[in-house]
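In what follows, a single structure is set out as structure tokens and then discussed.
The values are calculated or read from the model by the stated rules, or taken from the named source; none is laboratory data. Quantities reported herein were computed from a predicted structural model and do not represent experimental measurements. As a convention, Cβ positions derive from the backbone with ideal geometry for all residues, glycine included, and neighbour counts pool all protein chains shown. The protein model used for the area step is the full one, side chains on, heavy atoms only, and it has no ligands, DNA or RNA in it. Shrake-Rupley method; radii C 1.70, N 1.55, O 1.52, S 1.80 Å.
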Amino acid sequence: ATTFTLTPEQEARLAPGFLRGRDGAFKPRDIRPPSAPEIWSMGLALYSTPADYLTLLRALLNNGAPLLRPESCARILANAIGTARVPKLAPAAFGSEPIDLYPDIAKTHSLAAMRLEADHPGGRRAGTAFWAGIQNTHWWRIRPPASRACS
């Protein structure tokens, strides 16, 4: 199941997160979001099972199939913030450093991911959606040709 708040039973089954220290060793870390935040933050709010997360990713990466209609997939991955742009990202804590993914390329957010709004020379195209996630749950969807687009 995917949820914003955990039941006591789900809390008992919660897997810990880990952070690699400067010495190379992995250490457990607690990165739970606040239980009743003023704003549900993208990236630090949802709890999910691996099976649910993979089901969503398969749909986003496969033009919606089998979970969503292609039009729904297109809406989920479309620019949702208009002319605003994603700035350099502040560290999430735990000794992280600020990060500027794709410097000098305009980035926006969809309902599900960050997006490139211009082609990356020799790499991903405008409309590519991607996510890194605080638990390193990396994925990206390179925008397909217009004939199959889920932009």
- Task: Calculate, for residue 86 and residue 2, the FRET efficiency according to 1/(1 + (r/R0)^6) with r their C-beta to C-beta distance and R0 35 Å; round to the nearest 0.05.
- Result: 0.90
- Note on the structure: Counting only protein heavy atoms and leaving out ligands, DNA and RNA, the solvent-accessible surface of residue 117 at a 1.4 Å probe, in Å² to the nearest 10, equals 60 Å²
- Note on the structure: Given backbone amide H placed at 1.01 Å from N, residues whose amide H is under 5 Å from that of residue 78, ignoring those fewer than 5 places away on the same chain, are 111
